[in-house]
Amino acid sequence: MDSNLIRCKRVTKEDYEKVMAIFPSSEIYNGGDYLPDYFHMLIDMPNNEMYAAVVGDKFVGFTLMTTVDDGRSVISRAGRVSKEYAGKGIAGIVLKWMEKGGPLYRPEVLFHKITGSRTHSPLLQLIDKGTYYKTLEQDFRFYDTLKSTLQNKYSVIRKENPSLKSESIDEKVLGEILASTDHKQYLFPEDEIVVDQVPYRAIKSNAPLIFSKRTTVVVSDLNCPQRTLLSISNFWQAPIGMVFNFNAYGCLSENTKEHLILHFSKFLCRPMSEYILIRGISSQGTSWTFLVSAVEEFGCNKRTELYGTGLTSVRRRVTSKL
């Protein structure tokens with residue numbers, strides 16, 4: 001398609017319905033789409049910008065651009081193209097907007113990053129072509145339950161565990177962990193931490209950006225880097241139900257249950273649908289024994305793959321041609 005026919009428009013809050021009309025959310029990530037619920041929260045965050053590809057007065061494509069790594073990296077996420085314009089190169093045109101001469105080009109940005117499902121994504125083709133190179137891979141495990149079941153199990157388990165060794169932390173403490181060479185070698189050996197589909201470099205300045213209104217960060221065994229477990233959760237209401245991400249870095253141990261107690265304490269305060277999908281995320285080769293035991297104690301059932309078996313993070317230099 002002729003790129004001259006496509007206009008780049010900065011999306012505002014008033015464009016919500018136009019963005020949602022581009023593609024059915026129920027068909028994105030097998031019903032796990034976060035954008036309908038996250039839209040207003042994300043557009044208010046200072047390091048996020050939303051853009052639409054417009055033909056005439058119709059939104060035919062969308063991308064969310066998140067700036068991290070001291071302004072040196074931009075991540076594209078939540079992308080979608082209307083069915084009418086599928087296969088016409090809209091996604092490629094949007095990516096080229098970040099190149100030199102494009103409407104979204106910024107000379108200070110060195111890298112463009114993307115994360116995607118390991119098995120449901122064109123990223124593998126981009127890696128094979130040498131356009132992008134892989135920086136991180138993580139595995140998924142899926143569980144589901146009902147809100148009433150989780151609330152009842154949580155109440156019982158919390159009473160049985162009145163004092164916890166694990167603790168919720170704020171952005172200041174997270175920043176100190178990201179700056180600690182002792183901890184980074186065990187928690188983030190690839191120098192990357194992925195939260196809510198955003199791959200951040202493991203540097204202190206990213207800590208405030210990692211936190212949103214939906215983020216909880218829990219840590220245990222901080223005084224012993226080899227045993228430290230850092231977990232991060234986020235959640236959103238999706239067409240399929242309420243989705244709860246539990247991203248674990250470091251040593252999954254008997255403290256995993258305490259981590260879930262602290263994450264669920266914030267999560268269960270929010271209104272939500274009865275159905276809950278839990279996605280565990282951790283580095284390749286992780287032993288899931290402690291997480292499986294903990295989620296089963298909370299009344300969760302293992303389910304088959306929802307959208308891929310894992311996550312792949314890739315990047316390229318912005319000056320590289322697609």
- Residue list for region 221-250, restricted to those being open to solvent by 40 Å² or more (accessible area, probe 1.4 Å) and either touching a residue at least 24 places away in the same chain (Cβ under 8 Å) or in contact with a helix residue (DSSP H, G or I) (Cβ under 8 Å, 6 or more places away or on another chain) (or both): 221, 222, 226, 227, 237, 239, 240
- Mind checking which pairs have a first residue in region 162-191 that is within 20 Å of residue 216 (Cβ to Cβ) and a second that is open to solvent by 80 Å² or more (accessible area, probe 1.4 Å), Cβ under 7 Å, 6 or more apart or different chains? 175/204; 178/204
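Would a scan of region 44-61 turn up a residue that is hydroxyl-bearing (Ser, Thr, Tyr) and in contact (Cβ under 8 Å) with a residue 60 or more places away in the chain? Don't jump to the end; show me each part of the working.
Our first condition is that a residue be hydroxyl-bearing (Ser, Thr, Tyr); within region 44-61, this holds for 51.
Narrowing further to those that are in contact (Cβ under 8 Å) with a residue 60 or more places away in the chain: none.
No, every residue in region 44-61 fails to be hydroxyl-bearing (Ser, Thr, Tyr) and in contact (Cβ under 8 Å) with a residue 60 or more places away in the chain.
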- Note on the structure: Log entry, pairs with first residue in region 266-284 being among the acidic types (Asp, Glu) and modelled with pLDDT of 95 or more, second being surrounded by 13 or more Cβ atoms within 10 Å (Cβ to Cβ) and assigned to a helix (DSSP H, G or I), beta carbons closer than 6 Å, six or more apart or on different chains, reads 274/147
- Looking at region 45-53, is at least one residue aliphatic (A, V, I, L, M), out of contact with any Lys or Arg (no Cβ under 9 Å at 6 or more places or on another chain) and on the phi > 0 side of the Ramachandran plot? no
- Residue, farthest from residue 236 (Cα to Cα), within region 184-200, restricted to residues that are at pLDDT 95 or above and under 14 Å from the mean Cα position of the chain (by Cα): 192
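Of all residues in region 130-165, which are among the basic types (Lys, Arg), under 25 Å from the mean Cα position of the chain (by Cα) and open to solvent by 70 Å² or more (accessible area, probe 1.4 Å)?
134, 141
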- Note on the structure: Out of (1) open to solvent by 10 Å² or more (accessible area, probe 1.4 Å); (2) more than 30 Å from residue 128 (Cα to Cα); (3) in a strand (DSSP E or B); (4) not small (Gly, Ala, Ser), the one residue 257 does not meet is (3)
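Output the residues belonging to region 201-218 that are without any contact (Cβ under 8 Å) to a residue 60 or more places away in the chain and either charged (D, E, K, R) or in contact with a helix residue (DSSP H, G or I) (Cβ under 7 Å, 6 or more places away or on another chain) (or both).
Across region 201-218, the qualifying residues are 202, 204, 207, 208, 210, 211, 216, 217, 218.
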- Identify the residue in region 283-322 that is in a loop (DSSP other than H, G, I, E, B), open to solvent by 50 Å² or more (accessible area, probe 1.4 Å) and of a type in the set (Ser, Thr, Tyr) and, among all such residues, is farthest from residue 251 (Cα to Cα). 319
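Considering region 205-228 alone, what residues qualify as being part of a loop (DSSP other than H, G, I, E, B), farther than 30 Å from residue 33 by Cβ and among the hydroxyl-bearing types (Ser, Thr, Tyr)?
Across region 205-228, the qualifying residue is only 228.
The values are calculated or read from the model by the stated rules, or taken from the named source; none is laboratory data. Here the structure is a predicted model, which means the values were calculated and not measured. Backbone-built Cβ (ideal geometry, glycine too); neighbour counts: all protein chains shown. Each accessible area value is taken on the protein alone, full model and side chains, heavy atoms only, with ligands, DNA and RNA left out. Shrake-Rupley method; radii C 1.70, N 1.55, O 1.52, S 1.80 Å.
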